[in-house]
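Sharing a structure with you now.
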Amino acid sequence: MKWPGFLLPLVDLAGSVISPPPGSEDAAHQNFRGLSSRAPGTSRQPTNTPRTRLSSAEQTDERSIALDGKRIDYKLVRRRGRRGVGLKVDGTGMTVAASLTTSISAIEDMIGKNGGWVLKKLGEWSHRKITPQRWQTGATIFYLGEPLTLMIDAGASKVKVEQAELQIQTHLFVQVKAALHDPAAIAEQAEVAVVAWLKKQALPYLAQRTFFYSKLHNLTPPRVFLSSANNRWGSCNSRREIRFSWRLMKARPALIDYVVCHELAHLRQMNHSAAFWHEVERMCPDYVALKQELDQNDHRFRAF
């Protein structure tokens, strides 16, 4: 794909979808995490995608603990080299990260000390359950804040995704090779095709918005990458690289612009200090309301 000249400083020309190389994140970068919550006073939870094969370097266990007379289930993830105990609460429940050698008593002592926070966050998330996406004709996905009705055509000769407007409704036509009598294969292929389509739309859109706000606020445009993160909307590092989750394309444009401004502000303030938030407000005067809207609704964008 040939990129317009004004986007050349922003994108990696190796392909239309760019994922960050393993281990490339600078230790000094600051992450913007939306609703994925971490208890105050606990160490940072690693954000790598859970492995399907466990090795001696990682162990997982399903456990439970009583907090204020209530049984709370949690997933314990032990990793070699992990420092401290980290608590995270999101739409899937509570996850506890610890080293391979941390005792259960120490882990549950940390949970108990943060029991009020855990119960509060679990209560908040109980109203924000992530509803699984249905991959069938008539189901809805969101694109730039607007609903698209899926129209899936099985048994096609090739996979294809195309957006079209019919009367007052907008549809997303998806062709898949799976046979009509195999709904599981249809759903799997439809999801893969739609995700690829969203990623294809995401990179030029996010690069253009980054370029626009960079020029507007006298910043040298950074390099822009896509990520598949499901627990952060964006990140910025000291190498002037910004990564955005392609899932942002489900949100309305004003929310996307807030995330863009948030990450660009890190080019001047690589922290979350008062000076940083002043910079965000300068770029995006309505950031408080937009951040609140994103925090309250981001579970709607994480179904796939």
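If you take the residues in the range 283-304 that are of a type in the set (A, V, I, L, M, F, W, C) and touching a residue at least 40 places away in the same chain (Cβ under 8 Å), which one is nearest to Phe212 (Cα to Cα)? Lay out the reasoning, then the answer.
Quick first cut of the range 283-304, residues of a type in the set (A, V, I, L, M, F, W, C) only: 283-284, 288-290, 294, 301, 303-304.
Pick out the ones that are also touching a residue at least 40 places away in the same chain (Cβ under 8 Å) and you get 283, 294, 301, 303-304.
Values: Met283: 11, Leu294: 21, Phe301: 24, Ala303: 30, Phe304: 29 Å.
Checked the range 283-304; the qualifying residue nearest to Phe212 (Cα to Cα) is Met283.
Under 8 Å between Cβ atoms, which residue pairs at least 6 apart in sequence (or on different chains) link something in the range 113-129 that is of a type in the set (Gly, Ala, Ser) with a partner that is at pLDDT 85 or above and not in a loop (DSSP other than H, G, I, E, B)?
From residues that are of a type in the set (Gly, Ala, Ser), the pairs are Gly115/Leu67.
Matching residues to (1) of a type in the set (Gly, Ala, Ser); (2) surrounded by fewer than 14 Cβ atoms within 10 Å (Cβ to Cβ); (3) more than 23 Å from Arg232 (Cα to Cα):
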| position | (1), (2), (3) |
| --- | --- |
| Ile65 | no, no, yes |
| Asp68 | no, yes, yes |
| Val85 | no, no, no |
| Lys88 | no, no, no |
| Thr95 | no, no, no |
| Ala98 | yes, no, no |
| Asp109 | no, yes, yes |
| Leu119 | no, no, no |
| Gly123 | yes, yes, no |
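Then there is this: Which condition breaks for Gln175 when tested against (1) open to solvent by 90 Å² or more (accessible area, probe 1.4 Å); (2) under 23 Å from Arg247 (Cα atoms); (3) more than 26 Å from the chain's Cα centre (by Cα)?
(1)
Go through the range 219-270 and report how many residues are over 14 Å from the mean Cα position of the chain (by Cα) and open to solvent by 50 Å² or more (accessible area, probe 1.4 Å).
Of the residues in that region, 10 qualify.
Right, next: Just one of the numbered conditions (1) in contact with a strand residue (DSSP E or B) (Cβ under 9 Å, 6 or more places away or on another chain); (2) open to solvent by less than 80 Å² (accessible area, probe 1.4 Å) is not true of Leu144; which one?
Status for Leu144: all satisfied but (1).
Does Arg78 satisfy the criteria of being surrounded by 16 or more Cβ atoms within 10 Å (Cβ to Cβ), of a type in the set (Lys, Arg) and over 27 Å from Gln296 (Cα atoms)?
Values: surrounded by 16 or more Cβ atoms within 10 Å (Cβ to Cβ): yes; of a type in the set (Lys, Arg): yes; over 27 Å from Gln296 (Cα atoms): yes.
Yes: the conditions hold for Arg78.
Please work out which one of (1) at pLDDT below 95; (2) in contact with a Lys or Arg (Cβ under 6 Å, 6 or more places away or on another chain) is the condition Trp246 fails and give its number.
Here Trp246 clears every test but (1).
Find the strands (runs of 3 or more DSSP E) located wholly in the range 77-193 whose residues include 1 or more that are more than 19 Å from Asn230 (Cβ to Cβ) and touching a His at 6+ places or on another chain (Cβ under 6 Å), and list them.
146-153, 160-166
Another question, then. Output the residue which, of all residues in the range 271-304 that are of a type in the set (Lys, Arg) and assigned to a helix (DSSP H, G or I), is most open to solvent (accessible area, probe 1.4 Å). First the steps, then the outcome.
Of the range 271-304, the ones of a type in the set (Lys, Arg) are 282, 291, 300, 302.
Applying the additional criterion that residues be assigned to a helix (DSSP H, G or I) yields 282, 291, 300.
Working: Arg282: 113, Lys291: 60, Arg300: 153 Å².
That would be Arg300.
If you don't mind, another one. Does Glu165 satisfy the condition of being under 26 Å from Ile130 (Cβ atoms) and either out of contact with any strand residue (DSSP E or B) (no Cβ under 8 Å at 6 or more places or on another chain) or modelled with pLDDT under 95 (or both)?
no
Could you list, ordered by first residue, the pairs with Cβ atoms under 7 Å in which the first is in the range 255-272 and touching a residue at least 24 places away in the same chain (Cβ under 8 Å) and the second is open to solvent by 10 Å² or more (accessible area, probe 1.4 Å) and small (Gly, Ala, Ser), at least 6 apart or interchain?
The qualifying pairs are Met270/Ala28; Met270/Ser238.
Here's a follow-up. Can you tell me which residues in the range 168-182 are of a type in the set (Val, Ile, Thr) and either at pLDDT below 90 or closer than 25 Å to Gly145 by Cβ (or both)? Break it down stepwise before answering.
From the range 168-182, those of a type in the set (Val, Ile, Thr) are 168, 170, 174, 176; that's our starting set.
Those that are of a type in the set (Val, Ile, Thr) and either at pLDDT below 90 or closer than 25 Å to Gly145 by Cβ (or both): Ile168, Thr170, Val174.
The values are calculated or read from the model by the stated rules, or taken from the named source; none is laboratory data. Since we're looking at a predicted model, the values are computed, not measured. Virtual Cβ from ideal backbone geometry, glycine too; neighbours counted across all protein chains shown. Surface areas here come from the heavy atoms of the whole protein model, side chains and all, with no ligands, DNA or RNA. Shrake-Rupley method; radii C 1.70, N 1.55, O 1.52, S 1.80 Å.
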